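The values are calculated or read from the model by the stated rules, or taken from the named source; none is laboratory data. None of the values given here were measured: they were computed from a predicted structure. Every residue, glycine as well, gets a Cβ built from its backbone with ideal geometry; the counts of neighbours run over all protein chains shown.
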Amino acid sequence: MSPRWQAAIGYALVGAELAVDEPGRPDPELLVTELAAAGWSTERIGDHARQVLSAEQVWPHPVPTALRAGCGAAQFAAALGRARELAGVATLETRAPSTRTRLNADELRLMREVPPHHGS
């Protein structure tokens, strides 16, 4: 049995196993098109993701082991990342850069230490 890439990535996005074509390799572009045809538009995927996260649950959804059998972890992560980009949910919130914090005494001491061969 060949890996079910599309079903696994789709599950991660929508939390349900949908009937999608399996080309035998990850194809995020095809998957996003098929999800839209199944009623999961990019807007709906985004709304779903924000709703799950606001309920303090995990999103993307953890994919059951049996569904991701045969899918390599790195390829799966890359394909899911691309599918998220195409669906407009790669980043769900934008945060400002963290502000500068003051160093504590230990951090200041470590910053002053230099190796003996450091020619200061």
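Summary of values
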read-out: PRO3 vs. criteria touching a residue at least 24 places away in the same chain (Cβ under 8 Å) and either under 15 Å from ALA78 (Cα atoms) or of a type in the set (S, T, N, Q) (or both); value: no
read-out: Some residue of the range 81-88 being basic (Lys, Arg) and surrounded by 11 or more Cβ atoms within 10 Å (Cβ to Cβ); value: yes
read-out: Condition broken by LEU53, with the remaining ones in (1) surrounded by 10 or more Cβ atoms within 10 Å (Cβ to Cβ); (2) under 17 Å from GLU17 (Cβ atoms) satisfied; value: (2)
read-out: In the range 9-25, residue surrounded by the fewest Cβ atoms within 10 Å (Cβ to Cβ) [restricted to those that are touching a helix residue (DSSP H, G or I) at 6+ places or on another chain (Cβ under 7 Å) and either of a type in the set (Asp, Glu) or modelled with pLDDT of 95 or more (or both)]; value: ASP21
read-out: Number of positions in the range 11-43 that are in contact with a Leu (Cβ under 6 Å, 6 or more places away or on another chain) and over 14 Å from ALA66 (Cα atoms); value: 3
